[in-house]
Amino acid sequence: MCGFLVVLNSKVNKDELVNKFNQLKKLNIHRGPDEIKTLHKKNYSILFRRLEIIDLNKRSSQPFSSDDGQIDIVFNGEIYNYLEIKNELKKFNIKFRTKSDTEVILKSYQKWGESFVKKLRGMFSIIILDNKRNKYLCFRDRLGQKPLFYTNYGNGLIFGSEIKDILFFKSKNEIKENKKTVLKYLLRGWCDDSHHTFFNNIYSVPSSKMGIIKKFEIRFKRYWKLEITGSKTFDKDEFNQIFLENLKIHLRSDVPIAFTLSGGFDSSSIVKKSIDLNFSNYKAFSLFSSNNKENFEKKFINQFIKENSIDHLFVDLDKKNKKDILEKVIFFQDEPLSSMSFLNQYILRKEIKNEGYKVLMVGEGGDEVLAGYNRMFIPFLYSSFIKKKIEIPENIKKNISLNLGKDFKFIKKHLKNFIKHDDDIEDKSPLKFLNLKKGKVPLNLRFYNSIKPSNDNLFKSFLTNHIFKRDLPHILRQEDRISMSQSIENRTPFVDHKLIEYVFSINEKFFMQNGQSKYMLRSIMKNDLPKSFFSKKKIGRPGNPSNIIFNEYFDKLLEFLKDKSFNNEYFESSILKKTLTNDKKYNNLDNINFYFRVLNYFIWKNLYKVS
């Protein structure tokens, strides 16, 4: 896990470039504090920051070069199956001089060419500079777990693990906002669902694609696509074995590993199955609030750690310094946040770093991959029963009602609207503030999901929308930046393409069998987790936007709204100021998520001097 910057430009002033790289050596070292190296060649320059996880020896330092010096490579991430690939390469009498996954990538490319990427199982952003073939390539992992940004620079390109490194090469008048991205974010809260960033002319390399760079222009080609037509019968033992094998390779590390333990189903399953694999060099961490007398999750966590003798630490949110926390987190994100909960995750990771851990296992992706969101019940019921003109069984109605905490009449109402493709259940509060007439809202922003009920493989189509568009991309972005802000590598076992391929090979009816969300995972954890885990309601991510908006940042948000130097072309500041003040007075939370986005936008714009 590391961070890099690559400048591809044959005509750039090398002395000026060397000077800029020397300045950058002292900045943004959070992605790789263990070692910083540079390399300058005729057509490119590289800056690499290393976080040592696999093969801690300096022999695995990057940029990493081929034995003949004709190929240079930089790589951020982890290849979890690097040992299996290495053994395959050894059969061709290929020799290795390190124990790193970086060298495995290089030797794989030399053996199989650009198709080598199909063999990789992990999270990665890779750039290969092949001088022998006059070929430059970039790759990003299938789900976009690791970042890779690019922009034009002179007659060439810049690639970077973080936008702030790229901005270092931009003049002040070049740093402009992407208006379409900003509007989408303010209106809906959506972000990271395309290759466009919040910055104009700075792009993200799309997930599951490789870039071929010729004459300093880039052309993308997809190397992986998720198939959703599978209809296999679910086999609990088979799924358990696949889940364990996946977890086993995610536990490969030359340094100790930490775990998050939220009291939820996903993180608890990862911890429990890791214990079953006899993994011992670890510690688990959980958040709680001493000011919250109920602390339901803490009760579940205490029961779980007691039953499994887990080395564990609770982190009290209310005893940690939170001054200017939003500014700090946005600085590391480079872009606005989509959820208040990531502020608390930032606090947790600071404590994990203080305990000396550099690798963190998290449960992100479980809801997206295994259909854990309540809103997935609607396409499930339609696809499995309504569309097939089958009566919905009473036990399924009962279980779904219990899951949602709603009478089934509420669900029937949404089903009717869904069939008409007229159910926009997203927050509509921004419409009264934004300079948009309802009829002028772009069609692609009117619905959270444009997939129509008539679609084949409806349920899985909705689920892939969560994985590639609606939820997982912004979760992975924010999780990566928050962990790396503390020089911690985050690992997400649920976001493994082999596991996802297996899950999607199963008939859709097993995703919510008997009206239970995440049925597959529930089936293998039934005897491994306390019974209370299976009956408790799903609790959302920790975070209280009203506290941030009405208390900690209220005055600052008002100052932003009064500041005429900000070009508030998206909304009416006078209306927003009045409503914000009244909402605080009466503690009205109807608009709170929109206020949070506006605050994010202003802080980001001010922090990065965006015009």
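Listed by chain and number, the lysines whose alpha-carbon sits under 16 Å from that of residue 26, ignoring those within fewer than 8 places in the same chain, are 37, 164. Packing order of peptides 360-370, 507-517, 138-148, highest average first: 138-148, 360-370, 507-517 (average count of other Cβ atoms within 10 Å over each peptide's residues). Using 0.36 nm per residue and subtracting the Cα-Cα separation, the extra length available between residue 214 and residue 416 on full extension is 67.5 nm.
For region 247-319, the gyration tensor built on C-alpha atoms gives a prolate shape. Its axis ratio a/c (a ≥ b ≥ c) is at least 1.5, and a/b is the larger of a/b and b/c.
Overall form of region 63-127: rounded. Here a/c, set by the Cα gyration tensor axes a ≥ b ≥ c, is under 1.5. Structure note, pairs 180/605; 58/99; 86/111; 184/578; 323/358; 320/350: Cα-Cα distances above 18 angstrom occur for 184/578; 323/358.
Label zone of residue 569 (point 7 Å out along Cα→Cβ, amide N under 13 Å): in region 148-176 this covers 176. If only the Cβ of Lys and Arg carry +1 and only the Cβ of Asp and Glu carry -1, the dipole of the chain around its Cα centre is close to 1160 debye.
Extents of region 287-404, taken as max minus min of Cα coordinates on every principal axis and listed largest first, are 57, 40, 29 Å.
From most to least packed by mean Cβ count within 10 Å, the peptides 217-227, 94-104 give 94-104, 217-227. Here the sum of -39500 (n - 2.57) over DSSP H runs of 4 or more residues, divided by the residues of the chain, equals -11000 deg cm²/dmol at 222 nm, to the nearest 500. Within the same chain, aspartates and glutamates fewer than 8 places from residue 170 are excluded, and of the rest, those with a Cα less than 20 Å from its Cα are 15, 16, 162, 217, 334, 335.
Convex hull volume of the C-alpha atoms in region 50-167, normalised per residue: 115 Å³. Peptides 56-66, 455-465 ranked from most to least packed, by the mean per-residue count of other Cβ atoms within 10 Å: 455-465, 56-66. Placing +1 on each Lys and Arg Cβ and -1 on each Asp and Glu Cβ, with no other charges, gives region 108-181 a dipole about its Cα centre of roughly 260 debye.
The relative contact order of region 461-604 comes to 13 percent, based on Cα pairs under 8 Å that sit 6 or more residues apart. The alpha carbons of region 116-228 occupy a box of 41, 41, 19 Å along the principal axes, longest dimension given first.
Compactness of the chain was expressed as the Cα radius of gyration divided by 2.2 N^0.38 Å, which yields 0.97.
Rounded to the nearest 20 debye, the dipole magnitude of region 1-137 is 220 debye, with +1 charges on Lys and Arg beta carbons, -1 on Asp and Glu beta carbons, and the Cα centre as origin. Loop-located trypsin sites (Lys or Arg not before Pro) across region 261-311 with a Cβ neighbour count of 13 or fewer within 10 Å are 293, with loop assigned by DSSP. Based on the Cβ-Cβ distance from residue 244 to residue 43, what FRET efficiency comes out when R0 is 45 Å, to the nearest 0.05? Calculated value: 0.45. Inter-part distance, region 336-353 to region 462-516, computed on C-alpha centroids, equals 19 Å. Nearest 0.05, what FRET efficiency do residue 534 and residue 590 give at R0 = 41 Å with Cβ-Cβ as r? Approximately 0.75, to the nearest 0.05.
A crude spin-label estimate for the pair residue 578 and residue 228, with each label 7 Å from Cα along the Cβ direction, gives 4.4 nm.
For a test of the definition: using alpha carbon positions, the gyration tensor, and the 1.5 limit on a/c, classify region 361-436 as rounded, prolate or oblate. Oblate, because a/c is 1.5 or more while a/b does not exceed b/c.
A short reminder: the numbers here are calculations on the coordinates, not readings from a lab. Predicted model only: the values in this text are computed from it and were never measured. Using ideal geometry, Cβ is built from the backbone for each residue, glycine included, and neighbour counts are taken over all protein chains shown.
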